[in-house]
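The block underneath contains the structure these notes are about, expressed in structure tokens.
The values are calculated or read from the model by the stated rules, or taken from the named source; none is laboratory data. Remember, predicted model here, so these are calculated numbers, not experimental data. Note: ideal-geometry Cβ built from the backbone for every residue, glycine included; neighbour counts use all protein chains shown.
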Amino acid sequence: MFRSWGQSLPDDDHLLIGRANGVTFRRENKTESYVVIPPAYIITDSDGGTWTFGTEFNTYGEINVLRNDVDTGEFAQRIEYRRGVVTLYGRAGRRSFSRSRRHII
Amino acid sequence: MAGTYSLTSAGITVVNAVVTLTFVNAPAAPNIDLCFRRFWVGQSATTPSTFNQRVQINTQVTAFPTLVSATPTKLAVADAASVITGATTGAAGTSGINASAEGAGTKTVIWADAFNATNGWLLVLTPEEIIEQAAGATSGVGMHFPVATGASPNTLNWAFGCIWTEE
């Protein structure tokens, strides 16, 4: 069952499962700290949420941020995973995905 | 005939050898130019091994690779269809993926990098870096693995593609 960008796709309990560019991505572990998009293509968070860039640009050259192929409504220049937290960097400064998996602050 | 187009594939098994993943060849002149803005590659399967893989963006003159035909997809519904059509030959005005033969044409490397298969690789070109291929060019633009991935499961479930605008 797919329940918006707060939930991964639990078709196998021991795997972290997400979606990117229309494809299901399965991982045994979350992404290591300090991985940054770009040059990485995806970041897998501890829920299996798969973070990628979309194809929309804003006027500042930032790209829309997707989690499990769902637009988060945020634009950024890079996405970093560090100590279990997804952080977006861009013109609006630094924003992090909340521990509750509900907000980007 | 202007818009943004994607050549994308997923769940692809590549050969355990040097392999062209995507190849796009501009149409004969007079026509519009192709401006490549993004390339990506990643492996969607569970990958307990975190192997590293080299990747290159290149141009290649004839003889072109032998490909699996793949037709570009427009990103905006309102856009016209791409001037590029799917074909296996790599000839002018065509595109394809996952080459079964690399072709004897010389590859000129534009961009060389390496990545971890678990994290994948994304190249977003800044405006100054955009790779432009003019109509009538004698070469196509490809993305390829210059070295073999290693045996299965390293060859399995690759997802890759590129995005360009036609201007």
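With the structure loaded, tell me whether B:T20 is within 16 Å of the chain's Cα centre (by Cα), away from chain A (no Cβ under 14 Å), in a loop (DSSP other than H, G, I, E, B) and under 26 Å from B:T155 (Cα atoms) or whether it fails that test.
For B:T20, the condition - within 16 Å of the chain's Cα centre (by Cα), away from chain A (no Cβ under 14 Å), in a loop (DSSP other than H, G, I, E, B) and under 26 Å from B:T155 (Cα atoms) - is not met.
From the list B:A80, B:A117, B:A92, B:A99, which residue is crowded, with 20+ Cβ neighbours inside 10 Å and either over 16 Å from the mean Cα position of the chain (by Cα) or among the acidic types (D, E) (or both)?
B:A117
Exactly one of these conditions fails for B:L67: (1) surrounded by fewer than 23 Cβ atoms within 10 Å (Cβ to Cβ); (2) assigned to a strand (DSSP E or B). Give me its number.
The number of the failed condition is (1).
Would you check which residues across the stretch B:4-40 are over 18 Å from B:G142 (Cβ atoms) and crowded, with 19+ Cβ neighbours inside 10 Å and list them?
B:T4
Please note which strands (runs of 3 or more DSSP E) are completely contained in the stretch B:94-164 and include at least 1 residues that are on the phi > 0 side of the Ramachandran plot. Spell out the reasoning first.
Numbers: elements: B:94-101, B:107-116, B:121-124, B:131-133, B:139-145.
Filter on the stretch B:94-164 gives B:94-101.
Condition check ((1) modelled with pLDDT of 95 or more; (2) closer than 21 Å to B:W158 by Cβ; (3) assigned to a loop (DSSP other than H, G, I, E, B)) across all residues:
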| position | (1), (2), (3) |
| --- | --- |
| B:T46 | no, yes, yes |
| B:N58 | yes, yes, no |
| B:V77 | no, no, yes |
| B:A80 | no, no, yes |
| B:T88 | yes, yes, yes |
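In the stretch A:30-105, which strands (runs of 3 or more DSSP E) lie fully inside it and hold 3 or more residues that are more than 12 Å from the chain's Cα centre (by Cα)?
A:50-57, A:93-96
Could you check the stretch B:51-70 and list, in sequence order, the residues that are within 22 Å of B:L122 (Cβ to Cβ) and hydroxyl-bearing (S, T, Y)?
Matches in the stretch B:51-70: B:T59 only.
Looking at (1) away from chain A (no Cβ under 13 Å); (2) touching a residue at least 40 places away in the same chain (Cβ under 8 Å), find the lone condition where B:R38 falls short.
(1)
Could you check how many residues of the stretch B:1-59 are within 23 Å of B:S82 (Cβ to Cβ) and of a type outside the set (G, A, S)?
So the answer is 28.
Among the residues of the stretch B:99-129, write down those that are farther than 17 Å from A:P39 by Cβ and in contact with a Phe, Trp or Tyr (Cβ under 8 Å, 6 or more places away or on another chain).
B:A99, B:G103, B:G105
So, B:V55, is that one touching a Pro at 6+ places or on another chain (Cβ under 8 Å) and away from every other protein chain (no Cβ under 14 Å) or not?
Against the criterion (touching a Pro at 6+ places or on another chain (Cβ under 8 Å) and away from every other protein chain (no Cβ under 14 Å)), B:V55 does not qualify.
So for the stretch B:141-156 (the condition being within 30 Å of A:F57 (Cα to Cα), loosely packed, with under 15 Cβ neighbours inside 10 Å and under 17 Å from the mean Cα position of the chain (by Cα)), does at least one residue qualify?
no
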